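Everything on this sheet refers to the single structure shown next.
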Amino acid sequence: MRHFAIVGSGPAGFYTAEALEKAYGDQARVDILDRYPVPYGLIRFGVAPDHQSLKAVSKRYDKVADSAGVDFIGNVSVGRDVSVAELLELYDAVILAVGSPHSRKLGIPGEALGGVIGSADFVGWYNGHPDYADLDPPLTGTHAAVIGNGNVALDCARILSKSRREFEGSDIVGHALDALDNSAIRTVTILGRRGPHQIAMTPKELGELGHLEEAQPVVDLNDFPPREADDALEPGQRKSVTILRDFADIRANKRKTMIFDFFAKPLRIEGDGKAETIVVERTELDEKGAARGTGETYEVPTSLIISAIGYSSAPIEGVPYDERGGKFLNEGGRIADRLYAVGWARRGPSGTIGTNRPDGYEVADLVAAAMPSGTAGDRAGAAGLKRLLESRGVMPTDYDDWRKIEENEAANARPGSPREKFVRHQQWLQTLGR
Ligand SMILES: Cc1cc2nc3c(=O)[nH]c(=O)nc-3n(C[C@H](O)[C@H](O)[C@H](O)COP(=O)(O)OP(=O)(O)OC[C@H]3O[C@@H](n4cnc5c(N)ncnc54)[C@H](O)[C@@H]3O)c2cc1C
């Protein structure tokens, strides 16, 4: 019997478990560990609460968790409660699927001022992540800025701009819904260092902005290259750029605006103890398509700044780390003998939920090639891990525990909402009578 530990129960963790299950059948036991008693990683804590259809992918993960050879061991933080070296003693292979939980830093003066928030924190706040339950983002000013030109930037701008009614059916947590409902923000400026052709925004997410109840997107057609130049773009990107261009035709007079400010590089954030202004440099594209400063600067007034410029993994003791890439050093998913990485921990923070599936299957193939099904292992697996955790006073949870939490969250839901998430670690444990 082989014993495998997957650390992290986001998409990459579940797809890898599914692949290992298929490869080994009853010849292996696969344990999915997570630092929380609740599974799904960014499906729960990242994907926007008003995009419930995407979150439904978790049903597929439930099926994996229900398979005979797979177990969920929650409430165990690897690196704190148990080390990777200890897991390697207990398991034939350890696969890190820990994602990239931290916001990348802007690296500009003023970043530490109040009101400057990384997207991981802001997204975690409205999605009920326990680390950000007390974030309390400043929503009393009229101007906010979101730095970045990807879908996460769009999520943040949209969440800041929607009306309370538009959150019906979502699972945005109550504290965020109430705060946003009372928000004074009327203008959200989305700053991108390059132009419309360089955006990393997908058509569906962009298209939505054209149909919001109280907010309208604003673009400046002078930022766009001639329309014929769009023909050179790949079809998805062309569609996104067309949607952006068409925003120029919107003639509404809604009370909120989302301004796309392209060729805008933040230089510094200024304010007296808290953010008041971003100083921005106008850029242009150089020969290689990179942003080059023009020397022209201007100020964008704003009391809330959300930087949505990417994520990085949290280093774990004993695991080689790629500082620049914000992920674990690995070759095709292999970090070292019997130690692997999948998903964002392997590739860095890019790609959709689905991108993690081939990733997980590829790494499962590597594992199976190194230790073919049918060959024996003599590691202690979950039994040994549980003994170790008990000796440290750590109380792991299982999937039945998650189902109890899920039932309680569903029972607490606002009318029309699928759940009201518990936002404190303690609340999860109390639900389980711990
Ligand atoms: C704001 C945001 C919105 C997104 N929206 C979409 C979208 O609309 N559509 C789409 O296709 N993709 C979306 N994505 C991308 C998608 O969420 C990722 O591709 C995917 O979640 C990455 O999967 P992962 O398993 O590598 O990491 P994660 O989903 O981050 O999972 C990592 C897991 O590891 C656990 N963990 C971390 N450290 C430890 C530790 N030390 N010990 C134990 N457990 C640990 C975490 O608790 C978590 O459960 C979005 C991403 C973000 C950030």
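None of the figures in this text is laboratory data; all of them are computed from the coordinates on show. This is a predicted model, so every value here is computed, not measured. Every residue, glycine as well, gets a Cβ built from its backbone with ideal geometry; the counts of neighbours run over all protein chains shown.
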So is T189 assigned to a strand (DSSP E or B), more than 19 Å from K421 (Cβ to Cβ) and away from the ligand (no atom under 16 Å from the Cβ) or not?
yes
Looking only at residues in the stretch 196-215 that are over 23 Å from the mean Cα position of the chain (by Cα) and more than 18 Å from R164 (Cβ to Cβ), which one is surrounded by the most Cβ atoms within 10 Å (Cβ to Cβ)?
P196
Regarding L366, is this residue farther than 17 Å from K22 by Cα, among the hydrophobic types (A, V, I, L, M, F, W, C) and more than 24 Å from the chain's Cα centre (by Cα)?
no
Starting from the stretch 5-22, take each residue that is more than 6 Å from the ligand (Cβ to nearest atom) and list its partners that are assigned to a helix (DSSP H, G or I) and among the polar types (S, T, N, Q), counting only C-beta distances under 9 angstrom and pairs at least six apart or across chains.
I6/T16; F14/S58; F14/N356; Y15/N356; T16/N356
Please specify each residue of the stretch 354-379 satisfying the condition of being among the aliphatic types (A, V, I, L, M), surrounded by 15 or more Cβ atoms within 10 Å (Cβ to Cβ) and more than 15 Å from the ligand (Cβ to nearest atom).
L366, V367, A368, M371
Among the residues of the stretch 85-130, which ones are part of a loop (DSSP other than H, G, I, E, B) and among the hydroxyl-bearing types (S, T, Y)?
Y91, S100
Tell me which strands (runs of 3 or more DSSP E) are completely within the stretch 262-313 and hold 3 or more residues being of a type in the set (A, V, I, L, M), crowded, with 17+ Cβ neighbours inside 10 Å and touching a residue at least 60 places away in the same chain (Cβ under 8 Å), or say none if there are none.
304-307
Could you list, in sequence order, all residues of the stretch 85-127 that are within 9 Å of the ligand (Cβ to nearest atom) and under 19 Å from P320 (Cα atoms)?
L96, A97, V98, G99, S100, P101
Selection within the stretch 26-64 - near the ligand (Cβ under 7 Å from one of its atoms) and under 15 Å from the mean Cα position of the chain (by Cα)
P39, Y40, G41, L42, I43, G46, V47, A48, H51, L54
Give the residue that is surrounded by the most Cβ atoms within 10 Å (Cβ to Cβ), with candidates limited to residues of the stretch 2-31 that are aliphatic (A, V, I, L, M) and in contact with a strand residue (DSSP E or B) (Cβ under 6 Å, 6 or more places away or on another chain).
I6
